[in-house]
Amino acid sequence: MLVNITYRVGWGAANPRSKKQMNEPAKRVVIHHTAIRSGATPQDCIHQVTRIQKMHMKDRDFDDIGYNFLVAQNGMPYEGRGWGIVGAHTKGHNQDSVGIAVMGNFNSNEFLFMVLYYDLPTSAALSSVKRLLLDGVSGGWLHSNYAIFGHRDLANTECPGDKLYPEIQRLRSDRD
Ligand SMILES: [Zn+2]
């Protein structure tokens, strides 16, 4: 394991209503953002992850938190559904993909109290995503020749935001 993960038990995840195993290693990775500002402390991050799970299960009626993993700006990855489980993050593309959300708002056109506000992805978060993907391949959860997308490549959405999207090309070339 290249990366330390805060597993579900570590952030106090609610049990999923149901879960579906993938039949084979995932062929695709889809990068998202959470579109809310990343917490500053580990406690803030845990609070956000639990809030996202509640929102996904109550408001969106998902069986669990939608993402397979979330990665905070300080580089800490949080287990969402985890490896080998079908997520709910990219409609029509969940069966063979792993959804990873970088925590933060990377849209460059959002205003908060009249002030343009966005996060920039940290190198800690990006290298953590990279190591997570390496772990996925070495653990057999991710096909060694996986393709990597931004959510916006597969759906009509701004996700993962203008400030994160260009980094996906870098993740792609680092892998090759
Ligand atoms: Zn997304």
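The values are calculated or read from the model by the stated rules, or taken from the named source; none is laboratory data. All values reported here derive from a predicted model rather than from experimental measurement. All Cβ positions, glycine included, derive from the backbone under ideal geometry; neighbour counts span all protein chains shown. Ligands, DNA and RNA are stripped out before the accessible areas are found, and what is left, the full protein with its side chains, is counted by its heavy atoms. Shrake-Rupley method; radii C 1.70, N 1.55, O 1.52, S 1.80 Å.
Within the option set Asp44, Asp119, being more than 13 Å from the ligand (Cβ to nearest atom) and outside any loop (DSSP other than H, G, I, E, B) holds for one residue only, Asp44.
Residues in the range 136-150 that are in a helix (DSSP H, G or I) and open to solvent by less than 40 Å² (accessible area, probe 1.4 Å): 1 in all. Restricting attention to the range 6-29, which residues are outside any loop (DSSP other than H, G, I, E, B) and either open to solvent by 60 Å² or more (accessible area, probe 1.4 Å) or touching a helix residue (DSSP H, G or I) at 6+ places or on another chain (Cβ under 6 Å) (or both)? Val9, Trp11, Gln21, Lys27 - these are the residues of the range 6-29 that are outside any loop (DSSP other than H, G, I, E, B) and either open to solvent by 60 Å² or more (accessible area, probe 1.4 Å) or touching a helix residue (DSSP H, G or I) at 6+ places or on another chain (Cβ under 6 Å) (or both). For the range 59-79, the set of residues classified as touching a residue at least 60 places away in the same chain (Cβ under 8 Å), in a loop (DSSP other than H, G, I, E, B) and closer than 18 Å to Lys19 by Cα is empty. Summed over the range 54-76, the residues that are open to solvent by less than 10 Å² (accessible area, probe 1.4 Å) and closer than 14 Å to Thr34 by Cβ give a count of 8.
One line per residue, one yes/no per condition, for (1) in a strand (DSSP E or B); (2) within 16 Å of the ligand (Cβ to nearest atom); (3) out of contact with any helix residue (DSSP H, G or I) (no Cβ under 7 Å at 6 or more places or on another chain):
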site: Gly87; (1), (2), (3): no, yes, yes
site: Asn94; (1), (2), (3): no, yes, yes
site: Gly104; (1), (2), (3): no, yes, yes
site: Leu134; (1), (2), (3): no, no, yes
site: Arg152; (1), (2), (3): no, yes, no
site: Glu167; (1), (2), (3): no, yes, no
site: Leu171; (1), (2), (3): no, yes, no
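Sort out which residues of the range 109-133 are more than 15 Å from the chain's Cα centre (by Cα) and either at pLDDT 95 or above or surrounded by 15 or more Cβ atoms within 10 Å (Cβ to Cβ) (or both), and write them in order of number. Across the range 109-133, the qualifying residues are Tyr118, Asp119, Ser123. Number of residues in the range 20-41 that are within 15 Å of Val86 (Cα to Cα) and more than 14 Å from the ligand (Cβ to nearest atom) equals 8.
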